[in-house]
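Colleague: Let me begin by handing over the structure; questions about it come next.
Readers should treat all values here as calculations from the given coordinates under stated rules, not as data from a laboratory. Quick caveat: nothing in here was measured; it's all calculated off a predicted structure. Every residue, glycine among them, receives a Cβ derived from its backbone with ideal geometry; neighbour counts consider all protein chains shown.
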Amino acid sequence: MRKKTRWLARELIAVSVLGVAIVIAVAALLIWRGPWWFDGKYLSDHELRSGSASLVSGLRAAVAQLVTAVGVSIALIYTGFNYRLTRRGQITDRFAKALERLDSEQLHTRIGGVLALKQIGQDAADYAADAAVILTEFVRRYTSLAEQPPNAGLPDKPSTDIQHALTALTNRDFRRHLSDPGVIDLSRLHLVRARFDDGDLTRVNLAGSDLSHASLRRARFDYTDLARTCLHEARLAAADLRKARSLQVGQIVSARPTAKTRLPADLATTRAVEARVRAVETAVTTWSPPSTSPEP
C-alpha cells in the first residue's frame, strides 16, 4: 500500500511538472504572437504606435490572468493530493499502533487496539477490509473452538476484549465500508453468551459455532451461514433471519424467538416453531422481577 502511494506521488509530480511546462510555453507563445493571431486584421505597425497598442496590452493581460488561474488550479490539486498522502500516512501509523496493542498482555491495551481498528475502518474505507481481517484473526486466536470435550473448562462468556472485537465486526457503520462482508469467519467458535444486539451479521460464517444463550436481538442475518450452529436459548427478539442460510426448525425451537422475530416463511409456519414462539411470549408476559420489599 505504501509502494502504491509513493508511485502515485511520483506520477503526480511528473504530470504536474509537465503540465506547468506546457502552460508556460503556451502562455509565452500567446503573449508574443497571440494578438496577431486573434486580432491581426485590426493591427498594424503604424497603429501600434498609437491607440491600438492598448488592444495588444489587453490581450496579453488576459493571457497572464489565465496563466495565473491555471497555476492556482494546479497548486490546489497538488495541495489536495498532498493532503491525501499525509492523511494516508497518518492512518497507516494508527493501523501499526493498533496492531501493537493487540499483542499486549494488558487487557485494557488490547481493548484500545480493537477500538482503534474499528475507528480506522469507519474513517478510511480503504482500510476497512484489512481491519476486519485482523479483528477476525484476533477473535479466532483467543477464542476456544466449539468442539471441545465436556471437561475442557470453556469460559461461560467471551472475554471483554473479544466481545469488543465481535461488536466492532458486526457494527453497521463498520460493515458499510466492507466490499466483501464474507471476510468475517467466526465458524466453529465457542461464543456462548456473546452479545450481537443490533449487529449486522450479513454473510458472516457462523457454521458450527456455539451461540448458546447469546443475545441476538434486532440482529440481521442476511445470507449468514448457520449450518450446525447451536442457538440453544439464544435471544432472537426482532432478529431478521429471513435470508439466513441452512437454518433448521430444530435450531429455532431450541432458541427464544418471539412474535417480532422474522423467520423464513417455510419455517415460521411449522407447528413446532409456532408453539415455541407462543411459549416464549407467554413466559415473557408472565415473568416479573423478584420483589425487593422485605418479607412480612
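Colleague: Output needed for region 110-208: three equivalent-ellipsoid semi-axes, defined as square roots of 5 times the C-alpha gyration tensor eigenvalues, in descending order, whole Å. All intermediate terms of the calculation are to be shown ahead of the outcome.
Modeller: Details: eigenvalues 114, 37, 24 Å².
So the equivalent ellipsoid measures 24, 14, 11 Å along its semi-axes.
Colleague: Arrange the following residues from fewest to most other Cβ atoms within 10 Å of their Cβ: SER179, SER187.
Modeller: SER179, SER187
Colleague: If neighbour count is taken as other Cβ atoms inside 10 Å, put ARG217, ARG242 in order from fewest to most.
Modeller: ARG242, ARG217
Colleague: Residue separation times 0.36 nm, minus the C-alpha to C-alpha distance between ALA129 and SER159: what's the value? Intermediate values should be presented prior to the final figure.
Modeller: Values: separation 30, 0.36 × 30 = 10.80 nm, distance 2.38 nm.
Full-extension gain reported as 8.4 nm.
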